[in-house]
Structures are given as C-alpha cells and as structure tokens.
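Each remark here refers to the structure printed beneath this line.
The values are calculated or read from the model by the stated rules, or taken from the named source; none is laboratory data. Owing to the predicted nature of the structure, the values given are computational and were not obtained by experimental measurement. We place every Cβ from the backbone using ideal geometry, glycine too, and count neighbours over all the protein chains shown.
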Amino acid sequence: MGYRFAAVLTAIALSISPASAEPLAKELFGAEPKGSRHTSAPFGGYAKGCLAGGVQLAESGPTWQAMRLSRNRNWGHPSTIRYIERLSAFAAKQPGWNGLYIGDISQPRGGPMLTGHRSHQLGLDIDIWMLPASDLTLSRNARENLSSISTRRAKGAYVNENWTPQHHKILKAAASDPDVARIFVFPGAKVQMCKDARGDRSWLRKIRPWWGHHYHFHVRLNCPSNAGGCVNQAPPPAGDGCNQAEEWVNNILNPPPPDPNAKPPAPRRELVMADLPRQCAQVLSR
C-alpha cells in the first residue's frame, strides 16, 4: 500500500504544471500596502503589468475625494495624480459640483487585483463617479457607504434623469486632455453626447461605449512619454465613433438571436509572475 500511495502522489505531482504551482500575481500585489522605492514607471500593458514608484492620491483635496479608502486603490503614476487635479478643478466650476469623487485607480504597486478589474494595473486607469461631488468633507466611514448614481435606462440604451449637461461637459473636458487614450462609458451616454455635441467633435473619438460604466466613467491615460516599458493600447478607430455607439444601442434594444454554433469562451487563467514583465519582480522586491 505504501508503494501505491507514493506512486499516486508522484503522478499527481507530475500532473501539476510549474505555472499552477506559482503563487498568483494578484495575491502578491494585493498584499503590498505601499508603493515601491523606485522612480515612478509603468511596466507592461493595462491588463498585464505593474507600477513602480506609485504615488498615493491624497484622500482629500481642494476639488476631490478618494472613495472606498479601505481598498487602498488610490495609487497611480504621477501623471495620473496631475490629471485628477486638472479635471477635478474643471468639475468644481460646474453647477452642483464641487469637484469629483474618485473611485479605483490602482494598487500601490499596480498589478492584478484580488477582486474586480482586469485592467487598472499600471496606475493609468481612473474610475470617476457619476455622482456630483457636492460634499468634500465626507468621513472615511461615509466614503465606504455612500453609493454613486446610475445614469442609464433601458439596459444602457439611453441616459436617465440623473444625466445632466454637467456630465457632458466634464466628460468632454476629460476626453479633450492630450494625456487621455480613451474613456469608457455606457453606450446610451455616448449616443446622447453625439446628439448634443456642437462644434469640434474630435474629442468624441476617445469616448468609447462599453458595458456597465453607468455609475462611473473610466479614464485611461496614455503611457508617459518617457516610459519605455509601458505598452499603449492601440488608438481608437478613425472618426467620432457615433455610428458604433448607435449599433451598440440597436443591439441592446433589438438583441440579435444567439449563434447556435458559437463556442463557449475559454476559461480565463489567473496571472502568475511569469506572465508579467520581468521588471515586476523588482517592483515587488523593495
């Protein structure tokens, strides 16, 4: 029996791949409470990378508050912090807004998160609440329990009564910043902005329809110009993207029949350190 038991253990060991025996990258990065002691730099791509020398967004500023502080996801590249300062100052000039409520940016050292996002790994993604930031004196407890507002109806085909001209103006300002690669928002909001836009429409190209994104909009910044190890997302297609948004809405209102021959999506494998750029091991080292 002892021989057979040992043989079974050997067979099991041989069936386990080296990758599956590695700790998951999200567990390693999720355990880090502070940024690394490096010069700030993102490495890799938005959904497969890390952040050296992350900078923590102040919990409260003159025109913003960081929300859900218990998550410790208010860390980003310095260019991200500067962007939040610029955009929130613009938002504070809008009627009913004193600034912005900032949701998740990144973990202290970026990388895969224990829960939630696949992206937000470089400190260059920002979730910004749709709820107007009228009160910038919220306690830590209030920031854990306050909820944003939804701005969609009909499963994202249209905006609802919470959508205001100020949302349009803030999103336009957000997309007009040269540091921005793209902004994700639900399809109905994009269609509404296409209808309401006047004059220059070039900024609409960066507003991209995506599922969800009705309690917040998601800003993605370009890689900093001096970040050689950072991989930019491909630029959006040419044009203002309004026709594409209309197609999304039409598919929401009149869903196409399911394809009986469609293959089920392959299960997503959890990332391990070998999947990330080699610099990410150094980011975890100090």
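Scanning the range 238-249 for residues that are part of a loop (DSSP other than H, G, I, E, B) and surrounded by 15 or more Cβ atoms within 10 Å (Cβ to Cβ) gives Asp240, Gly241.
All conditions in (1) surrounded by 16 or more Cβ atoms within 10 Å (Cβ to Cβ); (2) of a type outside the set (A, V, I, L, M, F, W, C); (3) within 22 Å of Phe43 (Cβ to Cβ) hold for Thr151, with the sole exception of (3).
Among the residues of the range 114-148 satisfying the criterion of being surrounded by 20 or more Cβ atoms within 10 Å (Cβ to Cβ) and among the aliphatic types (A, V, I, L, M), which is nearest to Tyr46 (Cα to Cα)?
Out of the qualifying residues, it is Leu122.
Restricted to the range 1-100, the set of helices (runs of 4 or more DSSP H) holding at least 1 residues that are at pLDDT 95 or above and out of contact with any helix residue (DSSP H, G or I) (no Cβ under 7 Å at 6 or more places or on another chain) comprises 25-30, 78-91.
Say whether the condition of being under 19 Å from the mean Cα position of the chain (by Cα) and among the β-branched types (Val, Ile, Thr) is met by at least one residue in the range 214-221. Scanning the range 214-221 turns up at least one residue that is under 19 Å from the mean Cα position of the chain (by Cα) and among the β-branched types (Val, Ile, Thr). Going through the range 184-198 one residue at a time, which ones are surrounded by fewer than 24 Cβ atoms within 10 Å (Cβ to Cβ) and either assigned to a helix (DSSP H, G or I) or not hydrophobic (A, V, I, L, M, F, W, C) (or both)? Hits for the range 184-198 are Val191, Gln192, Cys194, Lys195, Asp196, Arg198.
Only one of Arg268, Arg220, Arg286, Arg278 is surrounded by fewer than 14 Cβ atoms within 10 Å (Cβ to Cβ) and in contact (Cβ under 8 Å) with a residue 60 or more places away in the chain; which?
Being surrounded by fewer than 14 Cβ atoms within 10 Å (Cβ to Cβ) and in contact (Cβ under 8 Å) with a residue 60 or more places away in the chain holds for just one of Arg268, Arg220, Arg286, Arg278, which is Arg286.
Among the conditions (1) among the hydrophobic types (A, V, I, L, M, F, W, C); (2) under 25 Å from Arg71 (Cα atoms); (3) at pLDDT 95 or above, the only one that Trp211 does not satisfy is (3).
Would a scan of the range 224-237 turn up a residue that is free of Cβ contacts under 8 Å to residues at least 40 places away in the same chain, more than 24 Å from Ala47 (Cα to Cα) and surrounded by fewer than 14 Cβ atoms within 10 Å (Cβ to Cβ)? No - not one qualifying residue is present in the range 224-237. Quick check on my filter: what residues within the range 199-208 are buried (at least 17 other Cβ atoms within 10 Å of the Cβ) and either in a loop (DSSP other than H, G, I, E, B) or in contact with a Gly (Cβ under 9 Å, 6 or more places away or on another chain) (or both)? Result: Leu204, Arg205, Lys206, Ile207, Arg208. The residues in the range 76-103 that are buried (at least 24 other Cβ atoms within 10 Å of the Cβ) and within 15 Å of the chain's Cα centre (by Cα) can be counted, and the count is 6.
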